[in-house]
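Note sheet for the following structure.
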Amino acid sequence: MTTPPVSVYAYARTAFGRFNGALSGYDTGTLAALVIDGLLERVTLAPAQVAALFMGTGMLGAAQLTAARHAVLRSSLPAHTPSLGLDRA
């Protein structure tokens, strides 16, 4: 079996936040969705052209265990876009 080539077309990170800081009103998925949509605009890539989302998370809030999936659903990516979340904890 031949493995298809993998290309990273774009990447970004969210702003660094502090506990109860200015970003505390945003959950992980919503903050990531804003970054995803900003990336799509910057690289002029249609959402349907994204094959998959790989998202690393430094610290998740207690109520959200699937931040990468939430990010896909809250961004302009098609809902069927596969996602993989990586958590350092």
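The values are calculated or read from the model by the stated rules, or taken from the named source; none is laboratory data. For clarity, every value in this text was computed on a predicted model and none was experimentally measured. Neighbour counts run over all protein chains shown; Cβ positions are idealised from the backbone, glycine included. Quick note on the areas: whole protein, heavy atoms, side chains included, nothing else; ligands and nucleic acids left out. Shrake-Rupley method; radii C 1.70, N 1.55, O 1.52, S 1.80 Å.
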* To do: Go through (1) touching a helix residue (DSSP H, G or I) at 6+ places or on another chain (Cβ under 9 Å); (2) open to solvent by 80 Å² or more (accessible area, probe 1.4 Å) and name the single condition Leu45 misses.
  => (2)
* **Candidates Ala15, Ala33, filtered to the one that is within 22 Å of Pro78 (Cα to Cα) and either loosely packed, with under 15 Cβ neighbours inside 10 Å or at pLDDT 80 or above (or both)** => Ala33
* When the residues of segment 72-89 are filtered to those that are part of a loop (DSSP other than H, G, I, E, B) and either touching a His at 6+ places or on another chain (Cβ under 9 Å) or among the polar types (S, T, N, Q) (or both), which remaining residue is nearest to Gln49 (Cα to Cα)? -> Thr81
